[in-house]
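Contents: one structure, followed by commentary.
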Amino acid sequence: MSVADEPWRASARRIAAAVRAGEISAVDVVGSHLERIADVNPLVGALTVVFDDRALGAAAELDRAIAAGEDPGPLAGVPFSVKENIDLTWSATTHGWRGAVHAVPDQDATLVARMRAAGAVPIGRGNMPDFGMRWECDNDLFGRTRNPWSLAHSPGGSSGGDAVAVATGMAAIGLGNDYGGSVRVPADAVGVAGFRPTGGRIPAGAARRREPVPLSLQRFSSAGLLARHTGDIAAAFQVVHGADGVDPFAVTTPFSPYDGARRAALVRDPFGDGTDAATARALDVATDALRRAGWEVVETCPPLLEEAVQGWRLLSTTEMQAAYGPQRWDPPLGAGATRFLELAGGAQTHLRSLEEYADVWARRAVVAAHWQDFFRAHPVLVGTVSEARPPLVDADLIDADTAGRWWRRYRLSVAANYLALPAVAVPTGSATDGLPVGVQVMAAAGQDHAALAAAQAIEDAVGVRTPIVPR
């Protein structure tokens, strides 16, 4: 099937190649995606704002540039979504909160500006929970985003809107961010690829930093990318990565194809909780794919994993409750976010003294050094994104014990945030319940290309099953 038949089904790289070659216009590509949005978005609520006229106008400008013989950029005509907490001058950066409905930024975030300069076209805003403070995707401003594989199940969060937009063919690439799995969790739940890079490799989603930011948010969070194809993530990453002179923590590290040792560590049941059949099968599929691609795979576990998980837990809980507690907001946070924070806050463990707080931060350097040694022997680590199947919507609001323990589903994922490591969620198929299942691949800091290479090997063996029609 050619790109011209159904552009919304095509990968970002195929779209860009076809637009650059004159096989299809950027206007036709964007128009096809807008038609897809009109058909699908009312069912899943993934996009909060759709840029119909502006997207078509940007596409027309791109077509005029191509007709004039100008270089349209490596992502020419590729429609992408922008999470509600990433600055884009076309609409307010609301963070999913009613109090920011008029907060239209005067500049694009660097990663948005770089996507646009590369020829990509913003198609809409991706939904999220209030300030990303749930692993769910619902708020009182825009409503709920639903999982297209089963409308009764959660699509994960907080970048759930962008993940669903990508999974259903409304956008070829989604821009999100990841503090505790917020790109990888929804990617895993809806069957697409999701990438959080090494901390600092993509500049922050704010065009300018105007307010103090908790230290854990500075260290654990990263902008990230979602796409149906791992190769599209790699292509977009090459466009958006690198220091920008605005984000004081952004760094430039050259990106090149991975040519290192093909050795992978498989983490099957790191906490001794047991592994369900779907998870075990996903790990088997990933292992087989890597071995057939020439990778050596050994079952082992990284050092001090429990401490890494608990470190993220203690620091994020302490700082987020202090900085973002529901009592601080006027107007209040949405009902779901307020209830989750109240339930989780009552059940969570907090650091009670300056000495405890300082000690956990100090121990992070020790954990990071042990993991660095581990990655010298095993350049990539393969495990799960989630230790449980995608839950029903609002399952995290059942009671205080459930809310307080929700993070345990994603323990291996938050370890990557604690250490600012690159990690890629990649689908491996579906379980007997019909919902997607997959794995994630981690690598040492700065070795993003290693994680992407291993994820690509898995995808090459398994194939891509999206976009899908919501069920």
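The values are calculated or read from the model by the stated rules, or taken from the named source; none is laboratory data. Computed from a prediction, not measured in an experiment: that's the story for all the values here. Neighbour counts are summed over all protein chains in view; Cβ atoms, including those assigned to glycine, are modelled from backbone coordinates with ideal geometry. For accessibility, only protein heavy atoms count, side chains too; no ligands or nucleic acids. Shrake-Rupley method; radii C 1.70, N 1.55, O 1.52, S 1.80 Å.
Check VAL437, VAL380 and return the single one that is touching a strand residue (DSSP E or B) at 6+ places or on another chain (Cβ under 7 Å), among the β-branched types (Val, Ile, Thr), surrounded by 18 or more Cβ atoms within 10 Å (Cβ to Cβ) and under 17 Å from PRO303 (Cα atoms).
VAL380
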- Query: For the stretch 417-453, how many residues are under 16 Å from the mean Cα position of the chain (by Cα), under 19 Å from THR198 (Cβ atoms) and small (Gly, Ala, Ser)?
  - Reply: 4
- Task: Search the stretch 210-221 for residues that are hydrophobic (A, V, I, L, M, F, W, C) and pair each with any residue that is open to solvent by less than 70 Å² (accessible area, probe 1.4 Å) when their beta-carbon atoms are under 6 Å apart and the residues are at least 6 apart or on different chains.
- Result: PHE220/TYR179; PHE220/ASN417
- Message: Criterion first (within 22 Å of ALA265 (Cα to Cα) and either open to solvent by 40 Å² or more (accessible area, probe 1.4 Å) or at pLDDT below 95 (or both)) does GLU307 satisfy it?
- Response: yes
- For residues that are surrounded by fewer than 24 Cβ atoms within 10 Å (Cβ to Cβ) and in a helix (DSSP H, G or I), scanning just the stretch 41-52, find the one that is farthest from the chain's Cα centre (by Cα). ASP52
- Task: Residues being within 16 Å of VAL185 (Cβ to Cβ) and of a type in the set (Gly, Ala, Ser): count how many of those fall in the stretch 405-454.
- Result: 6
- Query: Restricting the first residue to the stretch 112-136 and requiring it to be modelled with pLDDT of 95 or more, which pairs with a second residue that is among the basic types (Lys, Arg) and assigned to a strand (DSSP E or B) meet a Cβ separation below 7 Å and a spacing of at least six or different chains?
  - Reply: GLY126/LYS83; MET128/LYS83
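Checking the condition among the hydrophobic types (A, V, I, L, M, F, W, C) and closer than 29 Å to ALA265 by Cα, which residue from ALA337, ALA388 passes? Explain how you work it out, then say what you get.
On the way: ALA337 fails: closer than 29 Å to ALA265 by Cα.
Step by step, each of ALA337, ALA388 is checked, and only ALA388 is among the hydrophobic types (A, V, I, L, M, F, W, C) and closer than 29 Å to ALA265 by Cα.
Which ones in the stretch 236-248 are surrounded by 14 or more Cβ atoms within 10 Å (Cβ to Cβ) and either at pLDDT below 95 or farther than 24 Å from ARG13 by Cβ (or both)? Let's see the steps before the verdict.
Pass one, the stretch 236-248, residues surrounded by 14 or more Cβ atoms within 10 Å (Cβ to Cβ): 236-244, 246-247.
Result: ALA243, ASP244, VAL246, ASP247.
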- Message: Report every pair of residues separated by at least 6 positions or lying on different chains whose Cβ atoms are under 8 Å apart, first residue within the stretch 267-289 and surrounded by fewer than 15 Cβ atoms within 10 Å (Cβ to Cβ), second acidic (Asp, Glu) and assigned to a helix (DSSP H, G or I).
- Response: PHE271/GLU306
- Query: Tally time: how many residues in the stretch 142-186 are over 10 Å from the mean Cα position of the chain (by Cα) and among the hydroxyl-bearing types (Ser, Thr, Tyr)?
  - Reply: 4
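Quick one: which of GLY161, GLY126, GLY96 is in contact with a strand residue (DSSP E or B) (Cβ under 6 Å, 6 or more places away or on another chain), crowded, with 24+ Cβ neighbours inside 10 Å and more than 21 Å from ASP232 (Cα to Cα)?
Numbers: GLY161 fails: more than 21 Å from ASP232 (Cα to Cα); GLY126 fails: more than 21 Å from ASP232 (Cα to Cα).
Going through GLY161, GLY126, GLY96 in turn, the sole match is GLY96.
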- Six or more apart or on different chains, Cβ under 9 Å: which pairs go from a residue in the stretch 138-166 that's on the phi > 0 side of the Ramachandran plot to one that's open to solvent by 10 Å² or more (accessible area, probe 1.4 Å) and of a type in the set (Asp, Glu)? Could you list them? GLY156/ASP188
- For the stretch 81-94, does any single residue satisfy the condition of being among the hydrophobic types (A, V, I, L, M, F, W, C), within 30 Å of TYR324 (Cβ to Cβ) and free of Cβ contacts under 8 Å to residues at least 12 places away in the same chain? no
- Task: Filter the stretch 53-75 down to residues that are open to solvent by 20 Å² or more (accessible area, probe 1.4 Å) and touching a residue at least 60 places away in the same chain (Cβ under 8 Å) and give me whichever is farthest from ARG146 (Cα to Cα).
- Result: PRO74
- Here the residues within the stretch 118-146 that are touching a helix residue (DSSP H, G or I) at 6+ places or on another chain (Cβ under 8 Å) and in a helix (DSSP H, G or I) are ASP130, PHE131
- Message: Condition first: outside any loop (DSSP other than H, G, I, E, B), crowded, with 19+ Cβ neighbours inside 10 Å and either more than 27 Å from the chain's Cα centre (by Cα) or not hydrophobic (A, V, I, L, M, F, W, C) (or both). Now tell me which residues in the stretch 21-31 satisfy that.
- Response: VAL27
